[in-house]
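Everything on this sheet refers to the single structure shown next.
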Amino acid sequence: MNWTRKHLLGLEGIERDEIITILDTASKFREILDRPVKKVPTLRGITIVNLFFESSTRTRMSFELAEKRLSADVLNFSASTSSLKKGETLRDTARNIEAMKVDMVVMRHPSPGAPHFLADHIDGSIINAGDGPHEHPTQALLDLYTMREYVGNLQGKRVTIVGDILHSRVARSDIWGLKALGADVTVCGPSTFIPSEVERLGVTVTHDIRDATVNADIVNVLRIQKERQSGGFLPSLREYSTLFGINAARVKEMKPDVLIMHPGPINRGVEIACDVADGDHSVILEQVTNGVAVRMAMLYLLSMVQASKRVEESDIIAEVSA
């Protein structure tokens, strides 16, 4: 098994073989989701806390469903109803979680690096479910899984990411994952949405939407993240839609088998037209389904690392006792 990490904090630095292990494992769990009985006892006895400090629909529901499909014991934490409202620090929250003997924590937080902080303070495994504009590794993994299901080996495939690259944690994780698998990545958007020196990640930058998409095998469309902006990035959403929106006319100029993706939630009529989001090239709903399988795979792999560690500790104790 090419997975030995205790946590999934991001895709930066993840090796190709590790990603392949996750995707291959997800394929096995994807088959389970098509069965009449979709529940397996794989994580029976494992306790998982979903620690969400930001609003979430798809990611939180997907993780919770994955955990329950694997028969884990699940606790859901909401920052709006927690002791954080009373002044408790993140470190104190972490120490209390540790005291409850939790095995895994799925964490979303508005501050970059928060899951890394938690990983340094509790013994359980941490999965980053999005830390501010930094990374969103499981979204990238489900994107990679969906791409591979439709186009096969991603080596040399042309993938274009369009939209708000600057504020997107999905874009960063996608880039790390795609580059690890050998894809050619182009990012496209207004200059205000392109991070400085992003070329250092090994991507091509363009502000011409036709140039970015006409020969692409896959176009991943990102949402305009208005909640992370202080203003001044765009003259108007209408202008953005005119210059960078993915509509039927633009799709006709693309390759006939182009794949259209979107991590959600969708701003229909802004970054993507309704007829494209619901059209034949779109695999947006498949991404949602695949997300459950990918998260099941990730939970399973981390549990295997924990089990291996417990066996090693038992062997050491037995050897010392002897």
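The values are calculated or read from the model by the stated rules, or taken from the named source; none is laboratory data. Every value quoted in this text rests on a predicted model; they were computed, and no experiment measured them. Cβ coordinates were reconstructed from backbone atoms using ideal geometry, including for glycine residues, and neighbour counts include every protein chain displayed.
Can you find a residue that is in contact with a Pro (Cβ under 9 Å, 6 or more places away or on another chain) and more than 30 Å from Leu201 (Cβ to Cβ) anywhere in the range 59-74? For the range 59-74, residues in contact with a Pro (Cβ under 9 Å, 6 or more places away or on another chain) and more than 30 Å from Leu201 (Cβ to Cβ): present. Checked against (1) in contact with a Gly (Cβ under 9 Å, 6 or more places away or on another chain); (2) within 21 Å of Leu144 (Cα to Cα), Val203 passes all but condition (1).
Residue by residue, here is whether (1) in contact with a Phe, Trp or Tyr (Cβ under 9 Å, 6 or more places away or on another chain); (2) farther than 21 Å from Asn290 by Cβ; (3) in contact (Cβ under 8 Å) with a residue 40 or more places away in the chain holds:
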{"residue": "Ala26", "(1), (2), (3)": "yes, no, yes"}
{"residue": "Asp34", "(1), (2), (3)": "no, no, no"}
{"residue": "Ile46", "(1), (2), (3)": "no, yes, yes"}
{"residue": "Arg58", "(1), (2), (3)": "no, no, yes"}
{"residue": "Glu98", "(1), (2), (3)": "no, yes, no"}
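Of the helices (runs of 4 or more DSSP H) entirely within the range 145-260, those holding at least 2 residues that are loosely packed, with under 15 Cβ neighbours inside 10 Å occupy 209-213, 237-244, 248-253. Checked against the criterion of being free of Cβ contacts under 8 Å to residues at least 60 places away in the same chain and farther than 19 Å from Asp143 by Cβ, the range 281-289 contains not a single residue that satisfies it.
Scanning the range 258-280 for residues that are of a type in the set (A, V, I, L, M) and without any contact (Cβ under 8 Å) to a residue 24 or more places away in the chain yields a single hit, Ala277. Quick check, is Gln225 touching a residue at least 24 places away in the same chain (Cβ under 8 Å) and either more than 23 Å from Arg30 (Cα to Cα) or among the small types (Gly, Ala, Ser) (or both)? Criteria met by Gln225.
Taking the criterion of being of a type in the set (Gly, Ala, Ser), in a helix (DSSP H, G or I) and at pLDDT below 95, the residues of the range 274-322 that qualify are Ala307, Ser308, Ser314, Ala318, Ser321. Just to verify a result, which residue in the range 34-60, among those that are outside any loop (DSSP other than H, G, I, E, B) and polar (S, T, N, Q), is surrounded by the fewest Cβ atoms within 10 Å (Cβ to Cβ)? The selected residue is Thr47. Does Ile122 meet the test of being touching a helix residue (DSSP H, G or I) at 6+ places or on another chain (Cβ under 8 Å), buried (at least 23 other Cβ atoms within 10 Å of the Cβ) and of a type in the set (Val, Ile, Thr)? When the stated conditions are applied, Ile122 does not pass them.
Scanning the range 29-83 for residues that are farther than 28 Å from Pro265 by Cβ, polar (S, T, N, Q) and either at pLDDT below 90 or in contact with a helix residue (DSSP H, G or I) (Cβ under 7 Å, 6 or more places away or on another chain) (or both) turns up Thr42, Ser83.
Scanning the range 128-151 for residues that are closer than 16 Å to Met296 by Cβ and under 10 Å from the mean Cα position of the chain (by Cα) turns up Ala129, Pro137, Thr138, Gln139, Leu141, Leu142, Leu144. Residues in the range 261-273 that are of a type in the set (A, V, I, L, M, F, W, C) and at pLDDT 95 or above were compared, and the one that is surrounded by the fewest Cβ atoms within 10 Å (Cβ to Cβ) is Ala273. Ala94 satisfies every condition listed in (1) in contact with a His (Cβ under 7 Å, 6 or more places away or on another chain); (2) under 24 Å from Thr146 (Cβ atoms); (3) of a type in the set (Gly, Ala, Ser) except (2).
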